[in-house]
Amino acid sequence: MKVYREDEKTLQGRIDAVLWSVVAAFVVLASSFWYVQVVQAEKYRDLSEANALRNVTVRAQRGLILDRKGRVLAENQPSHTLVLTRNELSQASRQDPEHMPRLVRFVSSVLGISEAEVARRIEKGKATPPSQPLTIAEDLTIPQVASIETGKLTFPALSVESSASRNYPNGTIAAHVLGYMGEATAAELKRRAELRMGDLVGRRGVELVYDAELRGKDGAKLIVVDSHGRVKEEYDKLSREPVRGQNIYLTIDLDLQRKAEQFFMENEMVGSCVVLDPRTGEVLALVSSPAYDPNIYSKRFTTAVWKTILSNPFRIEVNRSIQGLYSPGSVFKIVMGMAGLELGVINESTTFHCTGSEAFHGRRFRCWNRNGHGSVNLEQAIKVSCDVFFYNLGSRLGVNRIADYSHLLTYGELTTIDLEGEKPGLVPSESWAREKQKRKWYPSETISVAIGQGPLLVTPLQVANMMAAIANGGAVYQPHVLRQRQVTDATGHSQTLTVPPKVLHQIKLGGDALAAVRNGLWRVVNEPGGTGSRSRVEGLDVAGKTGTVQVIAQEGWVRAEDLPFKFRDHAWFASYAPKENAELVVVVFIEHGGHGGADAAPLARILYETVFADRIYGEHARTPSNPAGIPTTAPPAPATGAGR
């Protein structure tokens, strides 16, 4: 019995030992689980988030913008972008509270911007998922890239990615047509699901209007990254290749655009030039001077730089061709002549006698020629720009009929050109005075409108569109800058889509009326005494009309050259060529330029010689030093009265 009891005691001890060993093991395991899941929960949560599948956006290449001959106006060039991975930044900041301030100071010193600006960019990115790389800066220089790479050991959340930035190789040329790029705003990110923080979108011009076509579609790739953000694996089958944006061809002719802009720059002029094809509405040149450099506007700049831009007295951001509102001056006499003939108020033989001034409604109105023009009919009145003739015509028509006919030629209307920000201008009428100004329209005001003054306001594009309708016989086309689009489908097949001409409406112009106006316009340029002789091109029938617009009221006959610059007259020249079967419309406007005949017409002559060089001079005139065959002789001297 004794032996049995001793064996039982030994066995119980062994059982207790095993039991306590099991209990101890469970305590250790439970403690380990508690330590990992509670004490180190945040650490392993961060590691779990970082060491995971990540959907990375692959940016689509933006489409090119080319001129009508395929010359590049906007392209993409390789660049370096500084990005920040917020997961790694958060992890490092928890381990070292001073990590974030040091990173901000480091980035500030590398980029040369304030610490507040760096912090603002990082703060702005908090709306994006933590795993999504945040763009801090684009277009890094090589020294900046080297500095970032050197600092990666200290700041692993920073990295440099290769990307593509927009480049405009011609600088300011066609800037107001092309526009520029800018970072998507918070409102745009909410409105457009395809956009992400840091995406660049079109801000002005073609870049804005055709942003959807140029953007393309971003691709994506699914990757596995470790806790340090390093790529461990990529799932090719789940990746989606980006679709490049469409290349678009504009109607712009780079040669004409450059010549026109150089004319404004070399002569230090402010204004606009519009060149149209009257057969299609295609815009061959659209100049607004002075211009900005879209390469500068497409990059980030500080508030101070932005304020400097806005303070520029010449308002370089304004596209004067479609947003500048000016009195048309004597070029409006074309509309008056057509309205008078078409509405039967006058005929081709109607004459008025000009003595240098005439009284209407108890007030005397002057002609620009103080000596008068004598008895003139419509053709002669257009040729010498006789104000008294059109005073009488305006008195007979009345402001309402003038307004109705003006609207037919897109005055007071949007031409619906495919650029943003176009303004409709203003054509006054009795209803306009009553509804907008809460007053009565006085007949004496009509006399000023008849010569393109008063509250009448137009854009240079509207003048060009009017001139195109006269040139082509009454078709009012929709002006457009897009000529073709290259569309590529999923198989890589490319298709070119051409934009067809669109007629907004057709004006019925009587043959005799149209002939009389056209003859008058031809005489302006080609006959002695015409006000537009400085646009004359031997061998080419140019037809045109000069215009000089008073900026301030002037008592008596005043020489504009004697006035301060800001009070000097504006200068217009509106024209087309050839007279029959017209192929080109050129409108030049110069702010405070002086006289249409002397200051605006010479640019038109240059552009006509450029386009029609072969026809005018023939191939024999071409030489290595003069490849266009354009003569270098001085333009003809202005005829008497060329100021109007």
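We did not get these values from a lab; they are worked out from the coordinates using the rules stated. Just so it is clear, the model here is predicted, and its values are computed rather than measured. Glycine gets a Cβ as well: all are built from the backbone with ideal geometry, and neighbour counts include every protein chain shown.
With θ set to phi - 60° and the Karplus curve 6.51 cos²θ - 1.76 cosθ + 1.60, what are the ³J(HN,Hα) couplings of the stretch 474-482 in order, to the nearest whole Hz, using x for Gly and Pro?
x, 7, 9, 8, 7, x, 8, 10, 8
Within a Cβ distance under 14 Å of Arg396, other residues only, what is the Lys/Arg minus Asp/Glu net charge?
On the way: positive: Arg401; negative: Glu342, Glu358.
Around Arg396, the surrounding residues sum to -1.
Sort the following peptides by mean Cβ neighbour count (other Cβ atoms within 10 Å, averaged over residues), highest first: 84-97, 375-388, 176-189.
Working: 84-97: 16.6, 375-388: 24.0, 176-189: 19.0.
Order by mean packing, descending: 375-388, 176-189, 84-97.
Mind checking which of Gly112, Gln246, Thr135 is farthest towards the positive end of the stretch 53-250's charge dipole, using Cβ charges of +1 (Lys, Arg) and -1 (Asp, Glu) about the Cα centre?
Farthest towards the positive end: Gln246.
Under the √(5λ) rule applied to the eigenvalues of the Cα gyration tensor, what semi-axes describe the equivalent ellipsoid of the stretch 53-250? Give them in Å, descending. It would help to have the intermediate numbers written out before the result.
Working: eigenvalues 199, 83, 47 Å².
Ellipsoid half-lengths, sorted descending, are 32, 20, 15 Å.
Below 12 angstrom from the Cβ of Tyr326, what's the summed charge of the other residues (Lys, Arg +1; Asp, Glu -1)? The partial results should precede the final answer.
Details: positive: Arg320, Lys423; negative: Asp569, Glu591.
So the environment of Tyr326 carries a net charge of 0.
For a protection proxy built on the mean count of beta-carbon atoms within 10 angstrom, sort 156-163, 276-283 highest first, please.
Details: 156-163: 16.6, 276-283: 22.9.
Per-residue mean Cβ counts within 10 Å order the peptides as 276-283, 156-163.
Got the relative contact order for the stretch 53-250 handy, in percent, Cα pairs under 8 Å and 6 or more residues apart? Provide the component values of the computation, followed by the final result.
Working: 345 pairs, mean separation 69.8, N = 198.
Averaging sequence separation for qualifying contacts and normalising by length gives 35 percent for the stretch 53-250.
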